[in-house]
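So the structure is just underneath, and the comments pick up after that.
The values are calculated or read from the model by the stated rules, or taken from the named source; none is laboratory data. These numbers come from a predicted model, not from an experiment. Cβ placement follows ideal geometry from the backbone for every residue including glycine, while neighbour counts extend to all protein chains displayed. When the accessible area is computed, the model is the full protein with side chains, heavy atoms only, and any ligands, DNA or RNA have been set aside. Shrake-Rupley method; radii C 1.70, N 1.55, O 1.52, S 1.80 Å.
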Amino acid sequence: MNQNNISRLLSADSNPLIAAPVLDTVRILVVGDVMLDRYWFGDVSRISPEAPVPVVRIERREERLGGAANVARNAAALGAHCGLLGVVGADEAGAQVEHLLRGSGIHSYLKRDDAISTIIKLRVIGRQQQLLRIDFEDAPTDTVLRDKLTQFNALLPEYDVIILSDYNKGSLVNVAEMIKAGRAAGKIVMVDPKGDDFSPYAGATILTPNKSELRRIVGSWNSEDKLTEKAQGLRQQLGLDALLLTRSEEGMSLYSEREVLHMHADAREVFDVSGAGDTVIATMAAMLGAGMPMADALVAANRAGGIVVGKLGTATVTREELFGK
């Protein structure tokens with residue numbers, strides 16, 4: 001491993017994003033686990049006589065794109081041309097995902113699997129606090145996954161950047177083949193990983209784990225130097241161009257062959273961190289697709305993450321919020 005990595009601390013002031021890049025020509029294909037996020041908002045005024053739990057009287061319901069679909073929604077919100085390849089059930093929830101994709105201007109390549117139900121995450125919110133989450137999920141069937149891989153290969157020439165959004169729900173069992181095909185076609189391939197084995201992600205351009213995901217793979221660290229050693233070791237082992245570590249309140253670190261870039265978290269009131277990783281990878285992908293240098297793309301992604309955690313639930317950042325124009 002190269003022991004001469006240059007470590008730099010970046011800030012939004014030291015790397016100002018003077019001009020917003022042209023994003024409407026950037027073409028991003030998101031592939032992965034597609035979900036429907038449902039929110040039930042209500043009032044909590046008493047405890048149930050049946051059990052020591054709050055009673056929530058539902059007053060409002062909301063549905064949003066979740067999982068890989070939220071990544072696509074974030075990319076589209078920035079102005080990029082975005083397509084989504086994934087699997088949903090042949091059910092009402094799957095139809096609602098299609099409807100939300102159309103409303104967000106995202107090109108749908110969804111496969112409908114008669115044998116499964118669409119993945120749903122139902123969150124019950126009382127007094128602006130999440131009280132309960134209920135998950136409904138099934139893994140896609142082998143036949144649908146084979147069709148999906150075939151379509152992925154057919155779509156590659158149409159897109160500049162590929163985002164593989166893995167929530168470990170079964171839609172990316174062919175992720176190694178997708179990475180190999182994407183890199184062979186000269187595409188930027190970014191992966192949001194999950195699970196206890198990162199070897200299927202070998203050869204990707206950038207991997208974007210959070211701290212707990214990285215710790216599961218490389219073990220714990222007790223210093224910044226040890227973290228750098230482990231992160232760089234994993235990057236080399238997997239043959240990545242870079243590894244982007246999202247560190248919650250500690251900001252982000254980008255490890256590449258030439259240098260290590262650190263960014264403090266953009267100081268904002270944290271309201272909800274759900275979906276923040278989706279915003280980060282979508283923003284990074286859009287900036288790199290527009291030709292922005294990696295250091296500036298990191299600044300933009302960090303800024304977007306700081307904005308989105310101030311919103312409730314899976315949310316997006318607009319071009320105007322990010323660049324102020």
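Annotations for the structure displayed:
- If you run the Gaussian network model on the chain, springs between alpha carbon atoms under 10 Å, then out of R133, R38, R247 the most flexible one is R133.
- Antiparallel %, DSSP beta bridges [both residues in the stretch 169-325], to 5: 65
- Computed from the C-beta positions of A51 and A115 and an R0 of 35 Å, the FRET efficiency is 0.50 to the nearest 0.05.
- Residue ranking by accessible heavy-atom surface, 1.4 Å probe, largest first, among W221, W40 comes out as W40, W221.
- The L155 and A295 beta-carbon pair, evaluated with R₀ = 30 Å, returns a calculated FRET efficiency of approximately 0.50.
- For the stretch 94-159, average projected area of the Cα convex hull in nm²: 6.3
- Largest mean-square fluctuation among L145, L132, L84, in a Gaussian network model of the chain whose springs join Cα atoms under 10 Å apart, belongs to L132.
- Surface accessible to a 1.4 Å probe, F136 within the full protein complex, Å²: 100
- Probe 1.4 Å, all protein chains present, accessible-area order of K180, K121, largest first: K180, K121
- Using distinct alpha-carbon pairs, which all enter the 1/r mean, Kirkwood radius of the stretch 186-263 in Å: 12.4
- Extension gain, S220 to D43, is 59.6 nm, computed as 0.36 nm per intervening residue step minus the present C-alpha separation.
- Of the labelled figures (1) 63, 43, 42; (2) 91, 47, 39; (3) 73, 42, 36, only one reflects Cα extents along the principal axes in Å as derived from the coordinates, namely (1).
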